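To start, the structure itself, in C-alpha cells.
The values are calculated or read from the model by the stated rules, or taken from the named source; none is laboratory data. Note that this is a predicted model, so its numbers are computed, not measured. Positions of Cβ are generated from backbone atoms using ideal geometry, with glycine treated the same way; all protein chains shown enter the neighbour counts. The protein model used for the area step is the full one, side chains on, heavy atoms only, and it has no ligands, DNA or RNA in it. Shrake-Rupley method; radii C 1.70, N 1.55, O 1.52, S 1.80 Å.
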Amino acid sequence: MWVWFHKLGSPPYFYRLSSRLLPWLAVATLISFVVGTIWGLFYAPSDYQQADTSRIMYIHVPAAMFSMSIYMVIAAAGAVTLIWRIKLADLVAAASAPIGASYTFIALITGSLWGRTMWGDTYWEWTDPRLMSELILFFLYLGYMALNAAFEDRRRAARAAAVLALVGVVNIPIIHYSVEWWTSLHQGSTTRGMQFAATIYPSMRYPLYLMMLAFAFFYAQLMFKNTRCLLLESERNNSWVKEMVTQHDAA
Amino acid sequence: MRHALFTLLKRDLLLAFRQPSELINPLIFFLIVVSLFPMGLKPETPFLPMMGAAVIWVAALLASMLSLDSMFRADMEDGSLEQILLSPWPLPLLALTKILAHWLISGIPLVVMAPLLGLMFNLPAEGISALVVTLLLGTPVLSLIGAIGVALTVSLRRGGVLLSLLVLPLYIPVLIFGAGSVWDASLGLSIRGPVLFMGAILVLALTLAPLAVAGALRISLE
C-alpha cells in the first residue's frame, strides 16, 4: 500500500498511469453524461409540485456536491504538500482549482434559476445562509487561484496556497450544515445516508446517481489532464520528459 | 518569555506612535467612506438608519484591511522579521503579540469612532450600543484573519489587491453577524444569538489563526 503511494508520487509513474486511465475515464464520462442527461431530462418522472423544473436537480445537486468535495481534495492535497512536500500533490491541487470554481459557478447559476421558479420572483436571496456560504466558496476558489498565480517560485506558491486552502476549510461544514442550523429557503439535504432511499423515489434517484458519477468522472478526467500539463511544464528539464519527447518524435 | 512578548508589543506600539500618519490615515479613510454613502443617497430617505449598520461595518472591514500591510511589511524589509523567526520563543505567540498590537492600533480607534458615526446615521441608542459591542468582538477577528493574508503575501512585491481577494471572503461571516445584530438591536430585538456567535468566531480565530500565521511566515521567509 505505502509502496504504491510512493510510486504514485513519482512524476513519470503518474504520467504513465494517467495516460492509461484517461481513455477509460473519457468513455465513462461520456456514457454516464449522455445516459444520465437523457434519463433525467426526458424519462424520469417530474415532481408533482415542481413539475419539470425539478429536473434542474440533475445538474444542480451533483455540481454543488462536488464543488465542496473538490475543495476538500485541494485542502487534503495542500496538507500533503505542507507535510511531505510531494510535488505531485500540489499539482493536483492547482489542477483542481479551476474545475472546482466552475462547478461552484454552475451550482450557483442553476440554483438561482431553480430558485427563481420555486421561491418566487427572485434570482438571488441575500438572506439565505446556504447561498451565502456557497458564494464564499466561489470567492475562496478565486482567491486560491490568484494566490497560486502571484508567486514566481512554484514551490513557494504551492505551500502558501496550501495554507490558504486549509484556512478556507472552515467554510465547508458551514455550507454543508447551513440548511440544518438555520432556517432557510433552501431545502434540507435529501441525499444523505439511509434517508436518501426514503426521501426520493428510485425512478428519480437512479438518474441522479448517474449524474453524480458523470460529474465525478468528468472532474477526474479534467484533473488528470490539467495535472499532466502542469507536470510536463514543471518537469521539462528532467530526463524522463526529454526521453519521452524524443521517443515520440522518433516514432 | 513574558518579557520577550511584552518587549515585542511595546516595540510595535512605539513604532506605530512614532509614525502617527500611518495610524490616523485608515481612520480618516473610515470616516470618509462612511460619509460618502449618505451623500450618494438622498439624505432625507428613510433608508439611512437601515443602511447605517451595514455601511459602518463594511467601512470598518476596509479600514482594518488597509492597515494590515504594515503588520509585517516593514519588519520584512529591515530584516527584523527574520530575527523574530530565529528567536527561541514560539512563533505563534510572537505572531499573536504582533496581531494584538495591530488591533490596539487599528481596531480600538474604530470602536471608539463608531458611536459618532452611528449618530450620523440616526441609529437609535440600542443600535449604537450593539454596534460598539459587535465591533469590539469583531475587530480582533479582522486583525487575526487579516494577519494570515498578510503573512502569505508579505514576500510579494505587490500584495495589495491580492490581499483583499484573500481576506475579504473570510471576513464575510463577521460582517453578517455584526451588521445583522446592529439592525436587530435597532428594531428592539435580542441580539444574544449573533453576539454569542461572534464570540465563538473570536475564540476560534484566536486559537487557530496564530498557528496559520506562523506557518505562512515560515513559508514566506524561507
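Observations on the model:
- Our estimate of slack between B:LEU41 and B:TRP89, defined as 0.36 nm per intervening residue step minus the Cα-Cα distance, is 12.1 nm.
- Kirkwood radius and radius of gyration were both taken over the C-alpha atoms of the protein assembly as shown, and their ratio Rg/Rh is 1.02.
- Considering region B:62-110 at the alpha-carbon level, its Rg and Dmax are found to be 11.8, 35 Å.
- When each of the peptides B:149-160, B:175-186 is scored by how many other beta carbons lie within 10 Å of its residues on average, the order from highest to lowest is B:175-186, B:149-160.
- For region A:76-154, a simple Cβ point-charge model (Lys and Arg +1, Asp and Glu -1, everything else neutral) yields a dipole of about 260 debye relative to the Cα centre.
- Net charge of Cβ neighbours under 13 Å - reference A:ALA64; Lys, Arg +1; Asp, Glu -1: 0
- Largest to smallest accessible area among A:HIS186, A:HIS6 [probe 1.4 Å]: A:HIS6, A:HIS186
- Exposed-site-free run, longest, chain A (rule: chymotrypsin sites (Phe, Trp or Tyr not before Pro); DSSP loop; at most 15 other C-beta within 10 Å): A:49-118
- Shielding value for B:162-173 is 6, the average number of Cβ atoms from other chains within 10 Å of each residue's Cβ.
- Label-point separation in nm, A:ILE83 to A:ASN237, each point 7 Å along Cα→Cβ: 3.1 nm
- For the protein assembly as shown: accessible area per residue (Å², 1.4 Å): 51 Å²
- For region A:20-250, the spread of Cα positions along the three principal axes, ordered from largest to smallest, is 62, 39, 32 Å.
- Rolling a 1.4 angstrom probe over region A:20-250 with all protein chains present gives an accessible area of which 66% lies on carbon and sulfur atoms.
- Viscosity 1.002 mPa s, temperature 20 °C, Stokes-Einstein D of region B:120-222 from Kirkwood C-alpha radius, µm²/s: 145 µm²/s
- Region B:2-220 - percent of accessible surface contributed by carbon and sulfur, probe 1.4 Å: 73 percent
- Here the relative contact order of chain A, from alpha carbon pairs under 8 Å that lie six or more residues apart, stands at 31 percent.
- Between chain B and chain A, roughly 1700 Å² of accessible surface gets buried, counting both sides and using a 1.4 Å probe.
- Candidate lysines - alpha carbon under 18 Å from A:LYS7, same-chain residues fewer than 8 apart omitted: A:LYS87
- With viscosity 1.567 mPa s and temperature 4 °C, the Kirkwood radius over alpha carbon pairs of region B:2-220 converts through Stokes-Einstein to a diffusion coefficient of 72 µm²/s.
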